[in-house]
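Engineer: Attaching a single structure in structure tokens format; questions to follow.
What follows draws every value from the coordinates through simple rules; no lab data is involved. Bear in mind that the values here come from a model prediction, so they are computed numbers and not experimental data. Counting neighbours? That spans all protein chains shown, and the Cβs are built from the backbone with ideal geometry, glycine included.
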Amino acid sequence: MTKKQDKEYLSTLIKISKAITSDLYLEDILKLIVNLTANMMKAKICALWLLDEDTQELSIRATQALSPEYLKGRALKTGEGIVGTVVLDKEPIIIKDVSQDKRYKEKDLAAREGFVSMLSVPMMVKDKVIGVINVYTVMPYEFTKSDVVLLSAISNQAAVAIKHTELMVKTRIIQEELETRKKVERAKGILMKDQGLPEGEAYNLIRRSSMKKRISMKEIAEAIILAHEVRKN
């Protein structure tokens with residue numbers, strides 16, 4: 001790796017690291033990652049696939065590709081094609097010419113897009129694969145060990161970004177659920193005291209009001225609490 005490549009590599013990782021700790025949405029972070037990766041690897045296309053643990057299907061979540069054909073109906077099972085094999089084996093795959101490799105399933109699409117050489121690496125969190133990053137060139141290219149190390153580092157940074165964002169989302173959801181529960185409990189207590197309702201009836205009243213007005217139970221609870229505070233004052 002030349003000094004210039006080394007500098008670009010470091011700069012890319014720094015930009016990705018900053019994106020991970022930013023307030024960007026996950027989709028924006030992933031788009032940034034594929035654009036930075038494509039530019040640095042001098043690739044025509046960079047595509048980021050994520051694995052759905054429940055269905056064991058991979059789908060494209062980010063790419064700088066402009067062709068709608070490339071994005072249409074893009075889903076692969078674990079073990080299917082190059083991407084599925086990378087997930088199964090947890091190892092990078094290098095292909096010098098996708099048109100000549102039996103494992104590559106979409107040769108017509110590759111011909112239309114002009115894909116020739118391909119590097120595919122797993123996105124790892126510890127020893128678990130959560131997705132795959134692919135880069136394609138439009139000219140025959142021998143991907144080097146440095147290329148593999150570079151793309152692997154980027155893919156692992158992307159994996160960290162995804163897990164970081166998922167954790168933040170889960171934390172916010174848990175906090176929201178706890179906040180809702182506290183407010184519903186307080187509103188339920190107000191109804192039990194003010195209207196002499198049993199606990200179950202008080203809860204059902206809040207739930208029915210939520211369904212009837214088509215707003216959340218939290219909002220109903222907040223309205224009950226607010227009305228109670230107004231009466232107190």
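Engineer: Under 16 Å Cα to Cα from residue 218, which aspartates and glutamates show up? Leave out anything in the same chain fewer than 8 places away.
Structural biologist: 176, 177, 179, 185
Engineer: Now for a different question. Convert each backbone phi in the range 152-158 into a coupling constant with the Karplus relation 6.51 cos²θ - 1.76 cosθ + 1.60 (shift: θ = phi - 60°), then list the ³J(HN,Hα) values in order as whole Hz, x for Gly and Pro.
Structural biologist: Each residue of the range 152-158 in turn: 5, 5, 5, 5, 6, 5, 4 Hz.
Engineer: How far, in nm, would the chain grow between residue 192 and residue 163 when pulled straight, counting 0.36 nm per residue and subtracting the alpha carbon separation?
Structural biologist: 6.2 nm
Engineer: Using θ = phi - 60° and the Karplus curve 6.51 cos²θ - 1.76 cosθ + 1.60, what whole-Hz ³J(HN,Hα) does each residue of the range 138-146 get, with Gly and Pro shown as x?
Structural biologist: 9, 10, x, 8, 8, 5, 9, 4, 5
Engineer: Tell me the label-point distance for the pair residue 94, residue 175, using the 7 Å Cα-to-Cβ offset, in nm and rounded to one decimal.
Structural biologist: 4.6
Engineer: Follow-up. Please list the non-local residues whose amide H lies under 5 Å from the amide H of residue 131, H modeled 1.01 Å from N, same-chain partners needing a gap of 5 or more.
Structural biologist: For residue 131, the qualifying residues are 51, 123.
Engineer: Taking neighbour counts of Cβ atoms within 10 Å as a proxy for exposure, in what order, fewest first, do 104, 136 appear?
Structural biologist: The order, fewest Cβ neighbours first, is 104, 136.
Engineer: How much length is gained if the chain between residue 215 and residue 153 is pulled fully straight, taking 0.36 nm per residue apart and subtracting their Cα-Cα distance, in nm to one decimal?
Structural biologist: On the way: separation 62, 0.36 × 62 = 22.32 nm, distance 4.54 nm.
Taking 0.36 nm per residue and subtracting the Cα distance, the gain is 17.8 nm.
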